[in-house]
Amino acid sequence: MKKLLSLILAVLMCVSMFSFGTASAFAADDTPLVVGYSPFNSKFSPFFSTTDYDQSAWFMTQILLLNNDRTGAIIMNGIEGETVPYNGTDYTYYGPADCVITENDDGTVYYDFTLRDDIVFSDGEPLTIDDVIFSMYVLCDPTYDGSSTLNAQPILGLDKYISGVETRGNAIFSAGDAGYEANDNYTEEQYNAFWDYYNNQAGAAFAQEIVDYCIGNGYNAADDSVAACAANWGFELAEDATVEDFWTAIVEAYDGDIDTAVSTETAGSDLLGLTVAALGEEYQAGVQTGDSAKSIEGIQKIDDYHMRVVLTKVDATAIYQLGVAIAPLHYYGDPSLYDYDNNSFGFPKGDLSLIRAKTTQPLGAGPYKFIKFENGVINYEANDLFYLGTPKTKYVNFLQCTTDDDKLNGIVTGTVDITDPSYSNDNVESIKKANGNDEVNGPVIVTDTVDNLGYGYIGMNANVLNVGGDSASDASRALRKAFATVFCVYRDVAISSYYGERAAVINYPISNTSWAAPQPADDGYQLAFSVDPDGNSIYTSSMTDEEKYDAALQTALAWFEKAGYTVEDGKLTAAPEGAALEYTFWIPADGSGDHPAFMIVNEAKNALAKIGMNLVINDLSDSSLLWDALDAQEVAMWAAAWQATIDPDMYQIYYSDVVNGPSEGAGKNPLGGPAQGGSNYQYGIADAELDELIMEARSSTDQAYRKAMYKACLDMIIDWAVEVPTYQRQNAIIFSAERVNLDTVTPDITTFYGWMNEVQNIELN
């Protein structure tokens, strides 16, 4: 994002692109609905998309096996529809399939799916269970490297199907470049070609990808030189610079650390990926490195419109992964290679080249047909064959806009009908000004807000912030609770100052959008870090703010003393072994204090100084430095935000990797670093009891039971004092009141159910 915010000519780009989406290009009744989006990455694939915006691009063209309601609950009876109340109104939800779950005495679980038999893709081809099976096999292929985690579910026989296969490129990379050793998976010629490209050409290709990204998104106007693109990426080069010069500058900026340079400056690919892509499909193909099953025993076809998926155990997260996008076998795969009875599923196992070839051109059974993506605009046309009815608006354009100003100006000037600027104080004031009534809803703009599926937090690494090297000891927890107590007391004033009414302070490390989030009326609900070492509440309802600040500071002093600090005359004079009287807090606040938690940290710094603790604030202008330092276990305290999922599963973030090994199917962590067995490496929790509770919560589909289990987990996480829950912010979707028929927009939009869920109903005025 730091790169995008520094780009020039953003407004000119957004306005110039409008020539592809204005009414003048169409007859009056064919005026397109124009949606303002942040830049796309052109991975418009239900299998390989990597950004929210690319996901929206393909979602317009696809249908999911299972849909969800406004609370995020799965609709299990989509064919006839389910009526579910929300906010006092009954809404009926439909989908392409029904699902019945059966838990068996032997511990296995059956997911039986029935498809509607009247759905066709936008090109007229029938949609059958073979398309579902094809889609699942792509996501479970041994060489699949997209964002889906279906391949981490306990599907019967999946482990045997995946084992023993990896891509040829990965096999060569894993072998290293010390010299070829004869084997059956690649020839000496293939080995040498790989390492020749990797060592001598991949760097220039990496730089070229950045150049292409800048040019493709219109960031450089008439100047497409390497130097101009490099400047947009934060590098100053000579006017005649080449991509080789650009690559050299990137590596030098990181003191020769190529891995860090690549992970930080990437426009989408790393050197391995670029090498494999450049050398062709033979390097993307899977090679047999061990024994491997020919099919997945638990994915079972019954007939053209029925199938069963068998899990070896109950996993509450499975239902969300099994609701795959139903991609057409005849388009993404090869029908001649599909023979279910003979273990052939539409593509060669270990070779996803057929599917990858369609990454930029999505096709499905969704409400709209993808036409083209040119000059920053995606053009869609209504799918007349959509199973829920022909969309009311014939054309939709997704218009690429670089900044929030572009999005807001687009609504005001008539170039954009729907968009999603950040809901900051400045943007709120701009919306009010446009409406001329000091309100966010008016004659020009109508604003719809929902809670963000995620939350802000302050993190502490138990492996760095402890006493005597024992991260789990009472003394270490007391040390972290001392800081947490002071941070917590300043949350209200800081979040109110930054967001106004557009965010709320939270007391548990979970998004308030989740059904598992504790509510104030629940038994055992407690303000975060609001008790002293004896378990007594430190606040009363009659306290002034200043009295609360003082109470928090004195409680922190007590926690420091319990941690082993020497206290004399109300001040810390000596630290116990392994602890210190000074710590650094990392916060990516653009070097200017622009962060929701900055006031919290700054006020805490001033308060802690009174009792002899020095808190140094490291205000980063480059947020990537934080992620790199977190990966390297160099950060004691920091501020960031988590992106959540519909299901509140805690496995990836809090499960004790050091106790039980890397998390199954862990992908890139949400903060941008490598997987490292999930994201718990940031916190350093090693708690067998917490592990057991997390797995127990996963092993049931009873929501009330799971909520109780997760409450117990949250209490234990709070006791570890590695995360201070900070705020739940709102997101905004804004509509043109002048051009969009608001009566046709999805009512009661929620975090889990947005305007695009019923895009087929939207009409223009």
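Based on what the data block shows, is Thr143 under 28 Å from the mean Cα position of the chain (by Cα), β-branched (Val, Ile, Thr) and either in a strand (DSSP E or B) or at pLDDT below 95 (or both)?
yes
Take the conditions within 39 Å of the chain's Cα centre (by Cα), surrounded by 15 or more Cβ atoms within 10 Å (Cβ to Cβ) and either farther than 15 Å from Met613 by Cα or in contact (Cβ under 8 Å) with a residue 24 or more places away in the chain (or both) and apply them to Gly593. Does it pass?
Here the answer is no, as Gly593 does not meet what is asked.
Which numbered condition in (1) at pLDDT below 85; (2) of a type outside the set (Val, Ile, Thr); (3) over 28 Å from Ser163 (Cα atoms); (4) buried (at least 20 other Cβ atoms within 10 Å of the Cβ) is the only one that Tyr683 fails?
Among (1) at pLDDT below 85; (2) of a type outside the set (Val, Ile, Thr); (3) over 28 Å from Ser163 (Cα atoms); (4) buried (at least 20 other Cβ atoms within 10 Å of the Cβ), Tyr683 violates only (1).
Each row is one residue, and each column tells you yes or no for (1) under 30 Å from Ile371 (Cβ atoms); (2) in a strand (DSSP E or B).
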| position | (1), (2) |
| --- | --- |
| Gly72 | no, no |
| Val84 | no, yes |
| Val100 | no, yes |
| Gly107 | no, no |
| Tyr110 | no, yes |
| Met136 | yes, no |
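For the stretch 148-163, which positions are surrounded by 15 or more Cβ atoms within 10 Å (Cβ to Cβ), out of contact with any strand residue (DSSP E or B) (no Cβ under 6 Å at 6 or more places or on another chain) and assigned to a loop (DSSP other than H, G, I, E, B)?
Ser148, Thr149, Gln153, Gly157 - these are the residues of the stretch 148-163 that are surrounded by 15 or more Cβ atoms within 10 Å (Cβ to Cβ), out of contact with any strand residue (DSSP E or B) (no Cβ under 6 Å at 6 or more places or on another chain) and assigned to a loop (DSSP other than H, G, I, E, B).
Pull out all pairs, ordered by first then second residue, where Cβ-Cβ is under 7 Å, the residues are six or more apart or on different chains, the first lies in the stretch 730-751 and is on the phi > 0 side of the Ramachandran plot, and the second is in a loop (DSSP other than H, G, I, E, B) and of a type in the set (Lys, Arg).
Note: pairs meeting the criteria are Asp748/Arg70.
If a residue has to be under 17 Å from Ser473 (Cα atoms) and either free of Cβ contacts under 8 Å to residues at least 40 places away in the same chain or assigned to a helix (DSSP H, G or I) (or both) to count, how many in the stretch 551-564 make the cut?
Here the count works out to 5.
List the helices (runs of 4 or more DSSP H) inside the stretch 607-671, counting only whole elements, that have at least 3 residues being of a type outside the set (D, E, K, R) and either at pLDDT below 75 or closer than 28 Å to Leu139 by Cβ (or both).
Result: 651-654, 657-660.
Taking only the stretch 318-350 into account, find how many residues are within 22 Å of Phe121 (Cα to Cα) and either part of a loop (DSSP other than H, G, I, E, B) or charged (D, E, K, R) (or both).
Matching residues across the stretch 318-350 total 10.
List the number of the failed condition for Ile172; all other conditions in (1) closer than 28 Å to Ile302 by Cβ; (2) crowded, with 20+ Cβ neighbours inside 10 Å; (3) modelled with pLDDT of 90 or more hold.
Every condition holds for Ile172 apart from (1).
Does Ala230 fit the bill of being surrounded by 20 or more Cβ atoms within 10 Å (Cβ to Cβ) and either more than 30 Å from Gly350 (Cα to Cα) or under 31 Å from the mean Cα position of the chain (by Cα) (or both)?
Details: surrounded by 20 or more Cβ atoms within 10 Å (Cβ to Cβ): yes; either more than 30 Å from Gly350 (Cα to Cα) or under 31 Å from the mean Cα position of the chain (by Cα) (or both): yes.
Answer is yes for this residue.
Specify which of the listed residues (Ala575, Ala579) is surrounded by 15 or more Cβ atoms within 10 Å (Cβ to Cβ), in contact with a Leu (Cβ under 9 Å, 6 or more places away or on another chain) and without any contact (Cβ under 8 Å) to a residue 12 or more places away in the chain.
Being surrounded by 15 or more Cβ atoms within 10 Å (Cβ to Cβ), in contact with a Leu (Cβ under 9 Å, 6 or more places away or on another chain) and without any contact (Cβ under 8 Å) to a residue 12 or more places away in the chain holds for just one of Ala575, Ala579, which is Ala575.
If you take the residues of the stretch 74-130 that are of a type in the set (Phe, Trp, Tyr) and at pLDDT 95 or above, which of them is nearest to Trp58 (Cα to Cα)? Before you say what the answer is, go through the steps one by one.
Going residue by residue through the stretch 74-130, those that are of a type in the set (Phe, Trp, Tyr) are 86, 91, 93-94, 110-111, 113, 121.
With at pLDDT 95 or above added as a condition, the list becomes 91, 93-94, 110-111, 113, 121.
Working: Tyr91: 25, Tyr93: 21, Tyr94: 20, Tyr110: 30, Tyr111: 26, Phe113: 24, Phe121: 14 Å.
That would be Phe121.
For the list (1) in contact (Cβ under 8 Å) with a residue 40 or more places away in the chain; (2) buried (at least 20 other Cβ atoms within 10 Å of the Cβ); (3) closer than 18 Å to Glu374 by Cα, I need the number of the one condition that Asp54 fails.
It fails just one condition, (1).
Could you go through the stretch 299-317 and let me know if any residue there is in a helix (DSSP H, G or I), surrounded by fewer than 20 Cβ atoms within 10 Å (Cβ to Cβ) and under 27 Å from the mean Cα position of the chain (by Cα).
no
Looking at the structure I just gave you, is Asp534 surrounded by 13 or more Cβ atoms within 10 Å (Cβ to Cβ), charged (D, E, K, R) and either not in a helix (DSSP H, G or I) or not assigned by TED's automatic domain parsing to the domain that holds Asn461 (or both)? Show your work before the answer.
Details: surrounded by 13 or more Cβ atoms within 10 Å (Cβ to Cβ): no; charged (D, E, K, R): yes; either not in a helix (DSSP H, G or I) or not assigned by TED's automatic domain parsing to the domain that holds Asn461 (or both): yes.
No.
Could you list, in sequence order, the residues of the stretch 484-525 that are outside any helix (DSSP H, G or I) and under 20 Å from Ile617 (Cβ atoms)?
The one that is outside any helix (DSSP H, G or I) and under 20 Å from Ile617 (Cβ atoms): Tyr490.
The values are calculated or read from the model by the stated rules, or taken from the named source; none is laboratory data. Predicted, not measured: the structure shown is a model, and the values here were computed from it. Neighbour counts run over all protein chains shown; Cβ positions are idealised from the backbone, glycine included.
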